[in-house]
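First the structure, in the form of structure tokens, and then the observations on it.
Coordinate-derived values only; no laboratory data. Note that this is a predicted model, so its numbers are computed, not measured. Every residue, glycine as well, gets a Cβ built from its backbone with ideal geometry; the counts of neighbours run over all protein chains shown.
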Amino acid sequence: NAKKKGKNRYAWFEASMETDLQYRSELERGIRDGITNGEFVPFYEQQIDISSGDLIGFEMLARWRSPELGLVRPDIFIPVAEDMGVIAELSESLMAQAFRDARDWAPHLTLSVNISQVQLRDPLFAQRILKLLVQHNFPASRLDLEITESCLETDPQQVRSIIASLRNQGIRISLDDFGTGYSSLSQLRTLPVDRLKIDRSFIASLRDENADKTIVNAIFSLGNGLKMPITAEGIETAEVLQNLRDMGQFSGQGYHYGQPEDAASVTAMLASKGLLLGPAAVTREEGA
Ligand code: C2E
Ligand code: MG
Ligand code: MG
Ligand code: MG
């Protein structure tokens, strides 16, 4: 009986593994086709200067419009694209689209782009980015690259030198998901980044008397001490925003301000606020 049970379990395990492998290989094929067919598109989330309430820019968030799966979020396909070795190609195609979109926005609006640690293993990463900027006529000073602390896990020396060349060209670097990484504090001393983005897990549950408030407060002091501006991500409610206001100066983003939207919605929103460059927009519609 015990033997039979064991066998059943084994059969079940084997079947589920097969399904996973099948799912995985279908996902990989879908991603490969999706890149070829232009199914990966940038969505944009507003970033707000909290003290003035002004829009300061957008974070580009990758989406996959899959014919089979619908609109797929990056947590599903980014790790697979990394394993498949296509993350640089995918990321650069998204950036190219985003540079073309953002060229039509008022020139003070910045564009933040998430970078995978896999991309930073390429010693020529900085050159690739600069080439892409030139190709699409987008100023380095409007680009902000978001990296995470895990970027330093493989080759910290190389990543530091890549960051240095990017910053020399006027590109800003933000440390994303700050507070969730490994040995944050010791790395901050030597990691030349321009901004800390407090992870939304700390922000989402911010209440008056809880531990997250203490942690967020500590990150604000750290940012102030190191003269690094702070962005709070995942601001979902007016209550959270109010709690953050007591802590100091920062910029923010989150569903309280808006969900990530596609390029057409962003264009419409900016047009209604007078933040769209008229002639550039017309040129694009004509198919440039
Ligand atoms: P992230 O960079 O930390 O982006 C923030 C994520 O939180 C986004 O999820 C965004 O939609 C979501 N978010 C924003 N505001 C709120 C809020 O108020 N409440 C809640 N619950 N969520 C909020 P998304 O778009 O699914 O992206 C997930 C992650 O995927 C990103 O985390 C980023 O690490 C990665 N990612 C996105 N686009 C790219 C890309 O082009 N390249 C790479 N390498 N990674 C990307
Ligand atoms: Mg990010
Ligand atoms: Mg984040
Ligand atoms: Mg994240």
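Couple of notes before you dig in:
- Size-normalised alpha-carbon gyration radius of the range 126-284, reference 2.2 N^0.38 Å: 1.18
- The relative contact order of the range 116-199, computed from alpha carbon pairs under 8 Å that lie at least 6 residues apart in sequence, is 31 percent.
- Rg/Rh for the chain (Cα atoms only, Rh after Kirkwood) is 1.02.
- Residues ASP176, ASP144, ASP262, ranked from the fewest to the most other C-beta atoms within 10 Å, line up as ASP262, ASP144, ASP176.
- Once the C-beta distance of ALA96 and GLU68 is scaled by a Förster radius of 30 Å, the resulting FRET efficiency is 0.75 to the nearest 0.05.
- By other beta-carbon atoms within 10 Å, ranking SER205, SER272 with the fewest at the front produces SER272, SER205.
- Contour minus Cα-Cα distance for LEU185 and ASN168 (0.36 nm per residue): 3.7 nm
- Over the chain, DSSP H runs of length four or greater, each weighted -39,500 (n - 2.57), average out per residue to a 222 nm ellipticity of -15000 deg cm²/dmol.
- Average Cα contact separation per residue, the chain, under 8 Å, 6 or more apart, as relative contact order %: 18 percent
- Between SER25 and ILE76, full extension at 0.36 nm per residue minus the direct alpha carbon distance yields a gain of 17.0 nm.
- Sorted by Cβ density within 10 Å, fewest first, the residues THR190, THR154: THR190, THR154
- DSSP loop trypsin sites (Lys or Arg not before Pro) with at most 12 other Cβ within 10 Å excluded, longest remaining stretch of the chain: 1-206
- Here the range 224-267 has an Rg and Dmax of 12.9, 40 Å, counting Cα atoms alone.
- Applying both filters, DSSP loop and at most 16 other Cβ atoms within 10 Å, to the GluC sites (Glu not before Pro) of the range 138-198 gives GLU153.
- Relative contact order %, the range 61-186, counting alpha carbon pairs below 8 Å whose residues are six or more apart: 21 percent
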